[in-house]
2 protein chains.
Amino acid sequence: MTVHLDHILIPSRNREAAARKLAEILGVTWAPARVGPFTAVYVNDGLTIDFDEWTQEFPKGHYCFRVSEPAFRIILEHIGHGVSQPSARPG
Amino acid sequence: MTVHLDHILIPSRNREAAARKLAEILGVTWAPARVGPFTAVYVNDGLTIDFDEWTQEFPKGHYCFRVSEPAFRIILEHIGHGVSQPSARPG
């Protein structure tokens, strides 16, 4: 049988800002919270990242994405010069 | 372009116990830490969950998996009668 990750919840200080930033970097769509308290980033057809908004402290997470080399170059352009480049290499 | 989640890090109290338990429930393979400090659960061909071991407090996470209805029944059997059944429904 095949198991797929359908969605995960990631805490943030500002759920809309977090979702917008990740979606812009990855070049995917996102949506403000409608039904629940989360903002959704549609990473691909099968996976959604739901940003929650926490006032309490939370530890940093580690989430590694895999993209093609052309997509990686586009993502670097999205990040631009104002943000330090990620250490990840294209897969 | 298509973006895939390649791996994520999940904190745990006991990385080997956490990886073994999740792998047994999902019916997938896992491996003890070799190179790094993580135990890997191979959810599918494209996604690995790496369990880290933390002594400090950490908040609970939310990770929702999607499986077929037959796979869901098998997973319920894996969970057995000693563990409360998840609220998830087959997708």
Tell me what the protein assembly as shown gives for mean residue ellipticity at 222 nm when only DSSP H runs of n ≥ 4 count, each as -39,500 (n - 2.57), the sum divided by the residue total, rounded to 500 deg cm²/dmol. -8000 deg cm²/dmol
Semi-axes of the protein assembly as shown's equivalent ellipsoid from the Cα gyration tensor, sqrt of 5 times each eigenvalue, largest first, rounded to whole Å? 28, 19, 18
With N denoting the number of residues in the range B:1-48, provide Rg(C-alpha) divided by 2.2 N^0.38 Å, to two decimal places. 1.17
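What does the charge count near A:Thr55 come to, summing +1 for each Lys or Arg and -1 for each Asp or Glu among other residues with Cβ under 14 Å from its Cβ?
Combined, the nearby Lys, Arg, Asp and Glu give -1.
Give me the net charge of B:His4's neighbourhood, meaning all other residues with Cβ under 12 Å from the Cβ of B:His4; Lys, Arg count +1, Asp, Glu -1.
Details: positive: A:Arg66; negative: A:Asp45, B:Asp6, B:Asp45.
Its environment carries a net charge of -2.
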Amide H to amide H, which residues 5 or more places from A:His7 or on other chains are under 5 Å from it, using H placed in the peptide plane? A:Thr48, B:Cys64
Descending packing, highest mean Cβ count within 10 Å first, for A:28-38, A:10-20 is A:10-20, A:28-38
Among the aspartates and glutamates, which have Cα under 17 Å from the Cα of A:Lys21 when same-chain residues fewer than 8 positions away are ignored? A:Asp50, A:Asp52, A:Glu53, A:Glu77
Name the shape class, rounded, prolate or oblate, that the alpha-carbon gyration tensor gives for chain B, where a ≥ b ≥ c are the square roots of its eigenvalues, rounded holds for a/c under 1.5, and otherwise prolate holds if a/b is larger than b/c and oblate otherwise. oblate
Under the definition of partner shielding as Cβ atoms of other protein chains within 10 Å of a residue Cβ, what is the mean value for peptide A:59-70? 5
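Laboratory data are not the source of any read-out in this text; all were calculated from the coordinates shown. Computed from a predicted model, the values in this text were never measured in an experiment. In this analysis, Cβ positions are derived from the backbone assuming ideal geometry, glycine residues included, and neighbour counts consider all displayed protein chains.
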